[in-house]
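Visitor: Quick one: structure below, then a few questions.
No value in this document is a laboratory result; all are computed from the given coordinates. Fair warning: this is a prediction, and the values are worked out from it, not measured in the lab. Here the Cβ is made from the backbone with ideal geometry for all residues, glycine too, and neighbour counts use every protein chain on show.
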Amino acid sequence: MKTVNREQSSMIRSGQRILTLISIFIILLIASAETASAKLTARANHDHINIDFFYHGSTVSVSGVTDPGTELIIKIASPEGHEALKEKGKVGGILWMNVGTKKFENVPNLYSIHSARKLDEMLNREEQDRYVIGYPALSRHAEIDPVTSADEKAKWFDEFLKYKERSNLYTATDGKIEMTEKDGEQAYYILTQWPYQAPPGDYIVTVYAVKDGKVVDRAESRVQVEQAGLVKTLAGMAKSNAALYGFISIVSALGAGFGVGLVFRKGGGAH
């Protein structure tokens, strides 16, 4: 009889533990449902961009829906990689020459951030660093070598940033995301310029839903950029048959020069 009681007690305790676990699971589900933006979607209108002979950049719009009450940050970036900048300095106090190379690791070739308002007003520093959102977060995430101090790293990241912005590969805007509410949903839209300097590759569009200073959800879309037509043929030739590619380049240059000469002769020459 005592054995039966012990078995019953053990079964009761096991049942209580199971009920406790189920209760905890349900509570977590409810909490996540309250904070997450389950409706968040992201779609790029141009998920495939062809670089042909007449290519000079494009436009990409990003749109979707999210829960009312959330703000959005849109990041368009290439995978992280490494880059280098030449360091110039005076040699002998007279000539400006390349005196070294700074190597940058964990930096994307293309990086574009668009936020509903200023990042610091939307997202705390911890969240910015976690998702590498914004130039300050990217500067902390990047590795630069050789540098001997935090000030030197900041200086060289600033130079890197200027170079990227001049090349239209790094951009940051706020207040340009259009938001409209309808039928209990919040729709968003933004039109961005796609720089011709961005090389072929896969790019990730990430939309972050933000509430109370934290990211509560995110959605992704992709943009693929690839060479097409004559550009693709010439690029393949440059890799597989450099001699033939060089010959064609020389002939093309000579032909262009000959054509310009004919135009000037017909026009009576330059004055």
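Visitor: Provide the net charge surrounding V99, with neighbours chosen by a C-beta distance below 12 Å and charges set as Lys +1, Arg +1, Asp -1, Glu -1.
Guide: Numbers: positive: K86, K88, K90, K102; negative: E87.
That works out to +3.
Visitor: Would you mind computing Rg(Cα) / (2.2 N^0.38 Å) for the range 149-202, counting N as its residues? Before the final figure, lay out the partial values.
Guide: On the way: Rg = 17.2 Å, N = 54, 2.2 N^0.38 = 10.0 Å.
This ratio for the range 149-202 stands at 1.71.
Visitor: With the cut-off at 16 Å, report for the range 108-192 the share of all Cα pairs above it, as a whole percent. Intermediate results must be reported in sequence, preceding the final value.
Guide: Details: 2219 of 3570 pairs.
When every Cα pair of the range 108-192 is considered, 62 percent fall beyond 16 Å.
Visitor: Send over the per residue convex hull volume for the range 43-227, Cα only, as a whole number of Å³.
Guide: Values: hull volume 24.3 nm³, N = 185.
Each residue corresponds to 131 Å³ of Cα convex hull volume.
Visitor: Taking 0.36 nm per residue of separation and subtracting the Cα-Cα distance, what length does fully extending R117 through N45 add?
Guide: Values: separation 72, 0.36 × 72 = 25.92 nm, distance 2.34 nm.
Computed gain between R117 and N45 is 23.6 nm.
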